[in-house]
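Asks: Dropping the structure in here first, questions after.
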Amino acid sequence: MIVQLNPALPIITPKGEAYAHFLIDYGMEEHLLWVCFINDSGECWTFRNPQIRLKPNETFNRSKTSNIE
């Protein structure tokens, strides 16, 4: 199943800050896949769930995120 995220979500990836535009779900045994466009380069990348974090947002009391391993 593929879902378009509206609005796109600002996230942090191993490649830098990006916006996630689509979410791909292959089922219970697989990680969610996030289709993202990197802010600095415009490149399109797909990341597994453990590879991304939402950007900090004080409005939503999310002042920090855990490190990406």
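Asks: Please specify each residue of the stretch 38-56 satisfying the condition of being without any contact (Cβ under 8 Å) to a residue 40 or more places away in the chain and assigned to a strand (DSSP E or B).
Replies: Of all residues in the stretch 38-56, those without any contact (Cβ under 8 Å) to a residue 40 or more places away in the chain come to 38-51, 56.
Ile38, Cys44, Trp45, Thr46, Phe47, Arg48 - these are the residues of the stretch 38-56 that are without any contact (Cβ under 8 Å) to a residue 40 or more places away in the chain and assigned to a strand (DSSP E or B).
Asks: Within the stretch 6-15, track down each residue that is out of contact with any helix residue (DSSP H, G or I) (no Cβ under 9 Å at 6 or more places or on another chain) and exposed (fewer than 14 other Cβ atoms within 10 Å of the Cβ).
Replies: We begin by selecting, within the stretch 6-15, every residue out of contact with any helix residue (DSSP H, G or I) (no Cβ under 9 Å at 6 or more places or on another chain); these are 6-12, 15.
The answer is Asn6, Pro7.
Asks: Scan the stretch 11-28 and report the pairs whose first residue is more than 21 Å from Asn39 (Cα to Cα) and whose second residue is aliphatic (A, V, I, L, M) and assigned to a loop (DSSP other than H, G, I, E, B), with Cβ atoms within less than 8 Å and a gap of 6+ or a chain change.
Replies: Filtered contacts from the stretch 11-28: Asp25/Met1; Asp25/Leu32.
Asks: Just give me the residues in the stretch 17-54 being loosely packed, with under 13 Cβ neighbours inside 10 Å, within 18 Å of Asn67 (Cα to Cα) and at pLDDT 95 or above, in sequence order.
Replies: Arg48, the sole residue that qualifies.
The values are calculated or read from the model by the stated rules, or taken from the named source; none is laboratory data. Since the model is a prediction, treat every value here as computed from it, not as a measurement. So basically every Cβ, Gly included, is an ideal-geometry build from the backbone, and we count neighbours across all protein chains shown.
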